[in-house]
Every structure is written in C-alpha cells, then in structure tokens.
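The values are calculated or read from the model by the stated rules, or taken from the named source; none is laboratory data. Since the model is a prediction, treat every value here as computed from it, not as a measurement. Ideal geometry is used to build each Cβ from the backbone, glycine not excepted, and the neighbour counts take in all protein chains shown.
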Amino acid sequence: MNRNRYLLPAAFAVSLLTFIVYAGSFSGDFINYDDKSYLFEDPVIRQLDLPSLISMFASSHAGWWMPLTWLSFAVDYRIWGLNPFGFHLTNTLIHAANSALVVAIAYMTLNRGKESGPDPASCLPQLLFAAAAGLLWSLHPLRVESVAWIAERKDVLNGFFSLGAVLFYLRCHRGTESDKPVRADFYFSLALFYLSLMAKSVSVVLPLILMAVDLYPLKRLGRETIWQRVSEKIPFFAGSAMVVLGTFITAARSNYLVSYEMFPLSQRLAVSGNAIIEYCRLFLIPAGLSPLNVIPDPIPSIYTFKALLTLAIIIAVILCRRLPSLQSCWFCFLLPFLPVLAFFQNGDQAFADHFTYLPAVAPSIAAAALLLWLFERTKGVSRALSLFAMLSVLGMYVLLTVRMFPVWHSTESFWSRIIAIQPIAINYKERGRNYHLDGRYRDAVADFSAAIERIPETLRPYSYNFYAFRAESLRCAGQYAEAVRDFDTAISMLPHPVYFHHRGLALKALGRVTEAESDFRRGGKVTTPVVWFDREL
C-alpha cells in the first residue's frame, strides 16, 4: 500500500488552515512604503501586452529585476484594479500553497528511508509532525510581513518556486543511495529554481542549500563525493552566477546599494552578526516584531559581541561532523540570509522579518523532527503532554500572528508600530510625512517636532530637512509665522530654492508681500514640494 496516500489531505488541511488565519489580513490597505513605488509609480503593471512583458523581463524596475513578480502584479491589476483586497488574496493563496509544500518537504525528510513499508498507518506519526512543521512555519508571526505586505509578493512567489525546487530535488533522490536519480524530477527542480530567480534573486544561494540537503537528509555528500555533487549542480550554479552578475550591474547603475565608504566592512560585520542572532531569537521568541528595524546610530557594542557569537556558532557547527542533521539545518537556515545581510546593504534596516521566509523552513522541520523523536520515545501521559505542548505553541503563534495584522492596516499603523518599537528621529519623520500627505498637518507638526528632538549626531548635517518638513506642515496648517521661523532655520543651513519658494508662500499669507516676492525671485521657477535634500545644490 502507498504510504503517501494521506500526504495530500494533510497538506491541503494545513494549507486551508493557513489561508483561514491569514484571511484576517484582507482588510489592509496599500502601505506607502514600497507599495507605492511598485504599484502606483511603475506603469509596467498597468498593461498585459507584449511591450510590457518585454519590459518586465528585459529591464529592472524599482531597482530590481523580478519579472515574475511584476507579471503577478500585472495580472492582479488586470483583475482587481487598485483594490488592495485582490493583492492580499493572491499573497495569501501563494503562502497557503507554500505551507503545503513545506509539509511535503518535511514529510519526505522525516519519512526518509521508510517509504517501502506495507502499512500506510505506520507513517501517521511522521505525517502528523510534517503537518506540524508546515504550521510552525506558516503560522509563525515572522511570516506576517511577507504575506500582509503587498510589496513582499516577491517573498511568497519566490518561496513557491524555491520550495518546489527543493521538493523535486528530494524526489529526484528519494530512493536509496545506490538508486539512480530520477532525471525528470531533477529537471523540474532546475526549472523551478530558474523561475524562483525571476521572482526574487535571493534564491541564488539555493545550489548551496541543495548541497546541505545532500549532506542530510539525503546522506549523499562526503569528502569523496563533494566535487561530484558540485558538478551535477553546474546548471544551478550557472543560473545563480548570471543573476548575481546582473544584480551587481543593475545596483551599480542605480546606486541602490550603500557604498563601503559610507558603511565600512567592520560595521557590516557587526550588523550582520547581530542580525543572525536576532533571527534566532525571533524564531524562538517572536516578541517586539516591527516592520522596520533601523540600524542604531551609533552602532552599539553588543552588535560586535553578537557577531563574535555568530562566528563561534558557525565554527562549532562545522566541527560537529557527527551530527550532519545539525549541520544541514544550520546551513539551510544561514545560507538564505547571505544575500540580505549587511554585506549588500540597500537601506536602513538592521534586519527584517520578511528575510526569514525561506530560512525558517529548516528550523521548523527540525523542531518537528525533535517533537517526533520525543513522541516515539514516550507513551501515555508524557506523549499526551508533548502533543499538548505542540498545540499550545501553534495556538500562541496564531494569536500573535492575528495580533500583527492591524500593523498592516494602513501606512499610519505601519509607522506607529515602528515608532512603538524604535522611537527615533527618522521614524517620526516618516510618519510625519505620511500625516502631511493625508492632510493631517497638526499631527505632522507633532511628529516633526519629536523627530527634531531626537536627531542623532550623524544626521545633524542634514537637520535642515526636519525643520523644512515641519515648516511646510505649519504653513499648510495656517501657522504662517511659525512656518517662516522654521524655514529661516532650514535656509540658514541650506539655502535651497525650494525653501525660498515655500517661505515666500508663508510670507505672502502673512501680508509681507515685498519679502515674499524677494523669496520667489531667489527660488526661481522651482515650485516642487519640500522633500529630503542632501547638502549638494
């Protein structure tokens, strides 16, 4: 009898439960942080015609080459227009499908070497805990950012193809070590890998992850076979090399990556090490989650300690040669982070929840494997307690996940959560700008004032921006005298034409026409809004 007969129903049940839980995110609006540049400012998604398709695949958009992600947005736009419900629905459907893939991968891992048994019921413990692995992964609060944030479509879509590639790779080698691999499954795995690269380039590390899978659970990697395993993955490595090269060329042209002059290697090492430890902590204790974790200024010394701790863990795991399962789990967790660590910094974030989408799969399966090991070695009350503990953890995850949905309800709730976790100048400034765009000028003034009180030393040379933002909100709120004073402060630091024009508007409203005309002349023909300016004019 086929021992896998219950796998499909179990995977479907996990997928359905995942969808039901994440349906709570459907009421969220677009977030004015990436959603705007992806969906409102880029016309490539507005048409599903040949020129748009060529543009998706031949050019980068919003700084990234991810044609399948743009294509999925274009399909949503064709069906739903700019109704956020449809975009949330697609994200959730893909995530639910991914949870089913995790169940299948976990089952093949936990049931490795047991497929030939005659009794289908004998595999039920493995199936139960494979389903638990899928739920531990899909319902973890760290997944909310990837699903509820529309712009992170690239996470869930890349996850679908990456997980599919891993699943077919496991199927390719599902027999014993002496059995020949199933070539069709190998080619399916390769094709899905290439599709994953077209959704998000983070899966460039997948060939290395497959090497870790060769180590365990496939047990086909050793000193004598390492070059054979590398050579059979040349098509995978070739795809990664092409995408890495293209990404660096695109980044060089767009200046999207932070330069090493601005952000030196020593600081990148500290931030990267801290990120790994934080990801470990958040997997075990998902408290204090925030949509944006800004790199502190200055970088605290604890970051260096965490970097050394990360290095010590890596060395210790490498030396644990008698525990290939531990080594494989650690490297399947660590490797997907490499493209998004501070070595390739492209923003202010120290770490991000959505970066854990692929890395969390391995520890979720490992946790399920540990629970299965305990289950098989206990009976009666002890076994019941272990199951109760597992259900309690899942229940806690569901509760914490549902509580995170309101964070993604609007741009205001997005920034309010960030400020609640990290009340620093740059975050108050961003919420203030959102209030200003919404016409809530007094709230904007309050946030810009809070930002001015918290300006760190490294932002002091750019503090004129904060005064100019507050000045413009004061002007729009009808507080013209206060606006003029703030524009005076900003102009004393940076005499930008935009500042003269907008101060002129405030002076004109006060009836100081002569001074206003002088400012308009000094502003020239510039009538653009007040935005962030660097010091160069």
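Worth a mention:
- Being surrounded by 15 or more Cβ atoms within 10 Å (Cβ to Cβ) and in the same structural domain as Leu210 (by TED's automatic domain parsing) is a property that Leu371 has.
- Of all residues in the stretch 298-314, at least one satisfies being more than 18 Å from the chain's Cα centre (by Cα), closer than 28 Å to Leu110 by Cβ and either without any contact (Cβ under 8 Å) to a residue 12 or more places away in the chain or not in a loop (DSSP other than H, G, I, E, B) (or both).
- Odd one out for Leu7, checked against (1) touching a residue at least 24 places away in the same chain (Cβ under 8 Å); (2) within 24 Å of the chain's Cα centre (by Cα); (3) at negative phi: (2)
- Residue count, the stretch 341-353 (criterion: in a helix (DSSP H, G or I) and either surrounded by fewer than 21 Cβ atoms within 10 Å (Cβ to Cβ) or without any contact (Cβ under 8 Å) to a residue 24 or more places away in the chain (or both)): 2
- A search for C-beta distances below 6 Å between a residue of the stretch 226-243 that is surrounded by 12 or more Cβ atoms within 10 Å (Cβ to Cβ) and any residue that is hydroxyl-bearing (Ser, Thr, Tyr), counting only pairs 6+ apart in sequence or on different chains, returns Gly239/Tyr194; Val243/Ser201.
- Taking (1) in contact with a Ser or Thr (Cβ under 9 Å, 6 or more places away or on another chain); (2) modelled with pLDDT of 95 or more; (3) crowded, with 18+ Cβ neighbours inside 10 Å; (4) not basic (Lys, Arg) in turn, Cys172 satisfies each apart from (2).
- Pairs where the first residue, in the stretch 207-224, is without any contact (Cβ under 8 Å) to a residue 60 or more places away in the chain and surrounded by 20 or more Cβ atoms within 10 Å (Cβ to Cβ) and the second is assigned to a loop (DSSP other than H, G, I, E, B) and of a type in the set (Lys, Arg), C-beta under 7 Å, 6+ apart: Pro207/Lys233; Leu210/Lys233; Asp214/Arg220
- Candidate set: the stretch 431-463, residues that are touching a residue at least 60 places away in the same chain (Cβ under 8 Å) and surrounded by 17 or more Cβ atoms within 10 Å (Cβ to Cβ); chosen: the one nearest to Pro296 (Cα to Cα): Leu459
- When Ala362, Ala389, Ala367 are screened for being touching a Cys at 6+ places or on another chain (Cβ under 9 Å) and in a helix (DSSP H, G or I), only Ala362 passes.
- Residue under evaluation Ala450, criteria (1) in contact with a Pro (Cβ under 9 Å, 6 or more places away or on another chain); (2) part of a loop (DSSP other than H, G, I, E, B), criterion not met: (2)
- Search result, residues across the stretch 33-50 that are in a loop (DSSP other than H, G, I, E, B) and within 16 Å of Pro84 (Cα to Cα): Tyr33, Asp34, Glu41
- For the stretch 16-44, the candidate set comprises residues that are over 21 Å from the mean Cα position of the chain (by Cα) and surrounded by 15 or more Cβ atoms within 10 Å (Cβ to Cβ); within that set, the residue that is nearest to Val144 (Cα to Cα) is Leu17.
- Under the condition of being over 29 Å from Asn255 (Cβ atoms) and surrounded by 17 or more Cβ atoms within 10 Å (Cβ to Cβ), the residues counted in the stretch 325-340 number 7.
- Subset of the stretch 218-238 that is at pLDDT below 95 and assigned to a loop (DSSP other than H, G, I, E, B) - its residue that is farthest from the chain's Cα centre (by Cα): Glu224
- Screening Glu145 with (1) at positive phi; (2) modelled with pLDDT of 95 or more gives one miss only, at (1).
- Lone qualifier among Gly273, Gly246 - being small (Gly, Ala, Ser), at pLDDT below 95 and either surrounded by fewer than 16 Cβ atoms within 10 Å (Cβ to Cβ) or part of a helix (DSSP H, G or I) (or both): Gly246
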